[in-house]
1. Of a type in the set (S, T, N, Q), under 27 Å from residue 33 (Cα atoms) and in contact with a helix residue (DSSP H, G or I) (Cβ under 9 Å, 6 or more places away or on another chain): is that true of residue 259 in this structure?
2. Among all residue pairs at least 6 apart or on different chains, which show Cβ distances below 9 Å where the first residue, located in region 357-377, is of a type in the set (Asp, Glu) and the second is modelled with pLDDT of 95 or more?
3. Tell me whether region 62-78 contains one or more residues that are more than 24 Å from residue 131 (Cβ to Cβ) and crowded, with 18+ Cβ neighbours inside 10 Å.
4. Of everything in region 242-269 that's part of a helix (DSSP H, G or I) and of a type in the set (Asp, Glu), which residue is surrounded by the most Cβ atoms within 10 Å (Cβ to Cβ)?
5. Kindly establish whether residue 27 is under 25 Å from residue 501 (Cα atoms), basic (Lys, Arg), in a helix (DSSP H, G or I) and at pLDDT 90 or above.
6. Name the residue that is surrounded by the most Cβ atoms within 10 Å (Cβ to Cβ), counting only residues in region 318-333 that are more than 19 Å from residue 292 (Cβ to Cβ), aliphatic (A, V, I, L, M) and in contact with a Lys or Arg (Cβ under 9 Å, 6 or more places away or on another chain).
7. Go through region 68-127 residue by residue and tally those that are more than 30 Å from residue 451 (Cα to Cα) and part of a loop (DSSP other than H, G, I, E, B).
Amino acid sequence: MAKKYIIVTGGVLSGIGKGVVSASIGRLIKELGLKVNSLKVDPYLNVDAGTMNPNQHGEVFVTEDGYEADLDLGHYERFLGIDMKKFNNMTAGQVYKHVIEKEREGKYLGATVQMVPHVTERIKERIEEIDTEILLIEIGGTVGDIEGEIFLEAVRELSFEKGRDNFMFIHVTFVPYLHVTNEFKTKPTQQSVQLLRRIGIQPDMLLVRTEKEIDPSSLEKIALFGGVPSDYVVNLPDLSNVYEVPKILYEKSIHKLISKKLELTLSNDNNPFMWKCPKTFKNLKIAMISKYLGTDDAYKSIMESIFLSGVNRPELINAEELEEMNEDELNILLSKYQGIIIPGGFGRRAVEGKIKAIEYARENKVPLLGICLGMQLMVIEFARNVLKYDDSNSTEFDPKTPYPVIDLMEEQKKSLNLGGTMRLGSQKIDIIPNTKLSKIYKDKKEIFERHRHRYEVNYKMFEDMFEKGNNTPNKLTISAMTDFVEAVELSDHPFYVGIQYHPEFKTKVGEPHPIFKNFIEEVEKNKKN
């Protein structure tokens, strides 16, 4: 079978769910017996998402091979159930960097280097590097954005070169509802399709996003003015659970419409669509002590890991506000929650508020999960409040601390470059037997988990703080280690686990990471008590 391409674009406004729609379509196709992969195109000039502020752009998602992408690759991993790699993301920064470096090396043989053909050729090369039967290409941003035009031109050229029959263009657009006049307004969608046409792309399908179910006459109007057959204009209203999208698209026979357009042979067409996402959710109150509050997506993978474990998403607590609270105020606030998560982050802002929450959880036996920075702060809190190492800190926050229990990795001390220089991606970890972590991993001796950090426990200087797998009072138990401390816990606590790595990045639909499942089990027990 010739390689087929599904191009997903967005219109009218950003944030309407192109990533979820693309990932859902990919899952449907995968369930029908075809090999599918994805490419997320980001038109921004960053080489990757590693230096982006989570408050503005959401979390940075780390792949197995150590690539820092935006959160859409997390959608693809969770929905498709396959590990994303560096080649699954292309940014304008990568493309332009490649072209300019090639020009400096004289590889263009004296040609005048231009957007067309040189930049478009590089984009097409990257697209063709992915070997699969069906390639989903999601072009980020909104049609009409100046930075995205070159990518649209590249896929238009590719569709001409590879044959239009091998391409399907799906345009995800938004139709607003005016409550004042009690009607849906289709004009923005009409104009969005016109922008695509001017580029030379006629969409084959329109996925119409709305707040609520749209009336059939509006869909007919969209079909007429968009030049798309009415059965290929599909309404997708807002859902409370994004994991319902694949099932909804299946019920609307999207897979059959795609199959018809691309002339696909579906081996599992008669099998019912099986989707193992949770349908009901336990009402457990879990607090996530947070510093990035500018967008709901700043902690996306942790949120989804809890949700895919069958529990309502955690509530974000402003760590800066905790810093200003006295002990009674903090106790009153945190006593409402049966579990606490301390997520990762960078910089000293709000750190003391997180340390207060850790102390509360340790002393009151509240299940506590610390991830990356969260684990480091658990070590700092223990050093300060149990071992009485006054003013213990990380050199990230206090370079002159007398007790630098957390310090910069040795290889980082000579680097001035912040982009792509951390410990990144999957790494083998040794699990220490007879620990909480060993039980979570079913007594496995080795695991592989993803990392993203540049500070680590200063084990060489503060080895006396720790015991490996023993139950010694006034010591933190190390439950996983490589050439640095990977995990700590307390043996006399129902769930006090800190991990240097990021388990949230490995959660899939139907397969939440076992650390979150075990954490939730302990939260349930805490609620009953």
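1. Against the criterion (of a type in the set (S, T, N, Q), under 27 Å from residue 33 (Cα atoms) and in contact with a helix residue (DSSP H, G or I) (Cβ under 9 Å, 6 or more places away or on another chain)), residue 259 qualifies.
2. 359/381; 359/384; 359/385; 363/385
3. The initial filter retains those residues of region 62-78 that are more than 24 Å from residue 131 (Cβ to Cβ), namely 71.
Restricting the remaining residues to those that are crowded, with 18+ Cβ neighbours inside 10 Å gives 71.
Scanning region 62-78 turns up at least one residue that is more than 24 Å from residue 131 (Cβ to Cβ) and crowded, with 18+ Cβ neighbours inside 10 Å.
4. Residues of region 242-269 part of a helix (DSSP H, G or I): 242-251, 254-262.
If we keep only those that are of a type in the set (Asp, Glu) as well, we get 244, 251.
Working: 244: 14, 251: 9.
Filtering region 242-269 for residues that are part of a helix (DSSP H, G or I) and of a type in the set (Asp, Glu), the one surrounded by the most Cβ atoms within 10 Å (Cβ to Cβ) comes out as 244.
5. Here the answer is no, as residue 27 does not meet what is asked.
6. So the residue we want is 330.
7. So the count comes out to 10.
Conditions (1) in the same structural domain as residue 12 (by TED's automatic domain parsing); (2) at pLDDT below 95; (3) at positive phi; (4) not in a helix (DSSP H, G or I), marked per residue:
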position: 149; (1), (2), (3), (4): yes, no, no, no
position: 152; (1), (2), (3), (4): yes, no, no, no
position: 156; (1), (2), (3), (4): yes, no, no, no
position: 160; (1), (2), (3), (4): yes, no, no, no
position: 169; (1), (2), (3), (4): yes, no, no, yes
position: 172; (1), (2), (3), (4): yes, no, no, yes
position: 180; (1), (2), (3), (4): yes, yes, no, yes
position: 193; (1), (2), (3), (4): yes, no, no, no
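The values are calculated or read from the model by the stated rules, or taken from the named source; none is laboratory data. Keep in mind the model is a prediction, meaning the values are calculated, not measured. All Cβ positions, glycine included, derive from the backbone under ideal geometry; neighbour counts span all protein chains shown.
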